[in-house]
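Chemist: Handing you a structure now.
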Amino acid sequence: MNSALAADQAQVVDRAVADLARGEYTWAGYDVARRRELLQRVHAATAQQAEAWVRAAAAYKRLPEDSPLLGEEWISGPYAVLTGTAALAESLRALERGASPVDGYSFGRAPGGRVAVRVLPHTLYDRLLLNGFSAEVWMPPGVTENAVRAGAGLGQRRPTETGGVGVVLGAGNVTSIPVLDVLYELYAHNRVVALKLNPLADGMLDVFRRVLAPLIDAGLVRVLTGGADLGGYLVHHPGTAHVHLTGSAATHDAIVFGTGPEGAARKQAGTPLLEKPVTSELGGVSPTIVVPGTWSPADLRFQAEHVATQRLHNGGYNCIAAQVVVVSSDWAQKDRFLTELHAALARTPDRPCYYPGSDDRVARAVAAYPGAQRIGERVLIGGLDPADPGPALADEYFAPVLAVLELPGDAASFLAEAVATANTAFTGTLGVNVVADPRTMAALGPRFDQAIADLRYGTVAVNAWTGVGYLTPTATWGAYPGHTIGDVQSGIGVVHNAVLLDGPERSVIRGPFRPAPRSIMHGEFGLSPKPPWFVTNRTAATTGRLLTGFAAAPRWSALPRIFASALRG
């Protein structure tokens, strides 16, 4: 880049920040009703742009127009924004009438005296479309129900108290992340926003500008493109007050402390180069704990596809992608499960490795584990040594690489050891998956509940993928609380959180162990078939498109086609 171009880009940033400084005064003058109206206009714009959104995402991810994997782009793109804006608008509507956003939700108790807010299912449509799935947001021990009610609403309880100009450094892997992060900064924290796109997602620029047009036209949002130099200029700009980023811990440290030996020295000394507040969602190494039980052949196959999905959804380029499967070495069905897992990985449709550096990260994994199996572009690493597992528990590969760690024990002793290992040996705290059959969970009783409470992760999913937590707008999304900029792990703070809860600890997601109709035959109350986010779902693209249309305009007449498509998956 030559100096003239750099100067031109600096002027673009300067102008955007100046516009937003004026927009902050505009935002302070908007009451909650007007803010809700803007949100509803973003919802309408998202519905109008949904087809273009998916086409643009598919173009840079190089997905064919007839691929069932397009379902991922529908559901993690416009669908997520439509459900997020609708849920956030409901919270604002509650505040308009003088109520708390949580008044329509039920409360429960979780281990450790925690208050739990039951955020899914919330509507009758939830009960039909996500039958068998549930979500709770757990508050830290000691927080009372009254405190939850009083605190819910965050910045919208004090709309005139704005927070300056915030910077959002957008993700390049999941297309709803930049838009949802902008909305959370604006509505939860009362910050107007300069969104800087990841260069990988520059092809989304036109769609994002159309979707965010109601906020851009009001002077509340600006969308910028450019490289790391532009991003650096933006975050250090004297007119910006806060930075939120999605990426890796290495990216975070480069932004906060700088690069090279000088950056490492600053981190060691605790003297950041960037002195503004920084929040982040940074991924990590996510485990999937498979609790031993007695499973049918159909159970083994379904759960193997479930684990394959946890790794290979979006090609393996999710911050929440499972990287290590933890199984009991004493499980009588271990070998059969691992055989099914290998087969599930092989059945997954081939797709381009679109994320930069993927091939190098795969090569690094294969070099570290000479016995790794190549399954097309995917890698399965077996036989990790619990005493010396190597880099698979520490380095986020962000690529289609899945490892297997075996720990000894029956259900109870294995689960206790797996929880301890997940808490102490794995990098990051964004999310953990636990797979267990209902009979085993019942036999473990309170020990199972305590194991879930003992897991120090921002999202804990039981018989569901943690990605369902991402897709649940009323759940929270982010690392387990307590990280610092010097040891950031999976990040600081939460996003989504459409109920606008103050200081949540985690979200707990639960799903059916078996899909319908087998769930009904085994006495489980769950009518959901194979979920459309499964990488082996044959009708995922059609179901995703129909779900997006429904989220744009919920109506009973749309349900039969959704159910018919889902059942064919």
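The values are calculated or read from the model by the stated rules, or taken from the named source; none is laboratory data. What you see is a predicted model; the values in this text were computed from it and never measured. We place every Cβ from the backbone using ideal geometry, glycine too, and count neighbours over all the protein chains shown. Each accessible area value is taken on the protein alone, full model and side chains, heavy atoms only, with ligands, DNA and RNA left out. Shrake-Rupley method; radii C 1.70, N 1.55, O 1.52, S 1.80 Å.
Chemist: Against the condition closer than 23 Å to Gly166 by Cα and without any contact (Cβ under 8 Å) to a residue 60 or more places away in the chain, how does Arg34 come out, does it pass?
Modeler: When the stated conditions are applied, Arg34 passes them.
Chemist: So, one more: Of everything in the range 336-357 that's in contact (Cβ under 8 Å) with a residue 60 or more places away in the chain and outside any helix (DSSP H, G or I), which residue is most open to solvent (accessible area, probe 1.4 Å)?
Modeler: Pro356
Chemist: Further question on the same structure: Go through Leu205, Leu197 for me and flag whichever is in contact with a helix residue (DSSP H, G or I) (Cβ under 8 Å, 6 or more places away or on another chain), surrounded by fewer than 24 Cβ atoms within 10 Å (Cβ to Cβ), under 26 Å from Glu72 (Cβ atoms) and not acidic (Asp, Glu).
Modeler: Selected residue: Leu197, the only one of Leu205, Leu197 that is in contact with a helix residue (DSSP H, G or I) (Cβ under 8 Å, 6 or more places away or on another chain), surrounded by fewer than 24 Cβ atoms within 10 Å (Cβ to Cβ), under 26 Å from Glu72 (Cβ atoms) and not acidic (Asp, Glu).
Chemist: May I pose another question? Would you be able to tell me the number of residues in the range 358-376 that are under 15 Å from Ala308 (Cβ atoms) and either in a strand (DSSP E or B) or under 24 Å from the mean Cα position of the chain (by Cα) (or both)?
Modeler: 2
Chemist: Another question, if that's okay. Restricting to helices (runs of 4 or more DSSP H) lying wholly in the range 1-88: which have 1 or more residues that are under 28 Å from the mean Cα position of the chain (by Cα) and among the polar types (S, T, N, Q)?
Modeler: 32-61
Chemist: Could you please find all residues in the range 251-273 being in contact with a strand residue (DSSP E or B) (Cβ under 8 Å, 6 or more places away or on another chain) and surrounded by 18 or more Cβ atoms within 10 Å (Cβ to Cβ)?
Modeler: The answer is His252, Ile255, Val256.
Chemist: Can you pull out the residues in the range 455-490 that are in a loop (DSSP other than H, G, I, E, B) and polar (S, T, N, Q)?
Modeler: Result: Asn463, Thr466, Thr472, Thr474, Gln489, Ser490.
Chemist: Going through the range 269-278 one residue at a time, which ones are within 26 Å of Asn423 (Cα to Cα) and touching a helix residue (DSSP H, G or I) at 6+ places or on another chain (Cβ under 9 Å)?
Modeler: Passing the criteria: only Val278.
Chemist: For the range 528-565, name all the residues that are open to solvent by less than 20 Å² (accessible area, probe 1.4 Å), aliphatic (A, V, I, L, M) and within 22 Å of Ala87 (Cβ to Cβ).
Modeler: Ala551, Ala558, Leu559, Ile562
Chemist: Also: Can you tell me which residues in the range 227-250 are free of Cβ contacts under 8 Å to residues at least 60 places away in the same chain, closer than 21 Å to Gln9 by Cβ and open to solvent by 40 Å² or more (accessible area, probe 1.4 Å)?
Modeler: Ala228, His236, Pro238
Chemist: Further, regarding this structure: Test Phe414 against the stated conditions and say whether it is over 23 Å from Arg109 (Cβ atoms), within 18 Å of the chain's Cα centre (by Cα) and of a type in the set (Phe, Trp, Tyr).
Modeler: Here the answer is no, as Phe414 does not meet what is asked.
Chemist: So, in the range 124-141, how many residues would count as being hydroxyl-bearing (Ser, Thr, Tyr) and open to solvent by 50 Å² or more (accessible area, probe 1.4 Å)?
Modeler: 1
Chemist: So the check is Cβ under 9 Å with 6+ separation or different chains; which pairs have a first residue in the range 406-424 that's over 15 Å from Val462 (Cα atoms) and a second one that's of a type in the set (Asp, Glu) and assigned to a helix (DSSP H, G or I)?
Modeler: As it stands, the answer is Leu407/Glu417; Pro408/Glu417; Gly409/Glu417; Ala416/Asp454; Ala420/Asp454; Asn423/Asp454, since those pairs meet every condition given.
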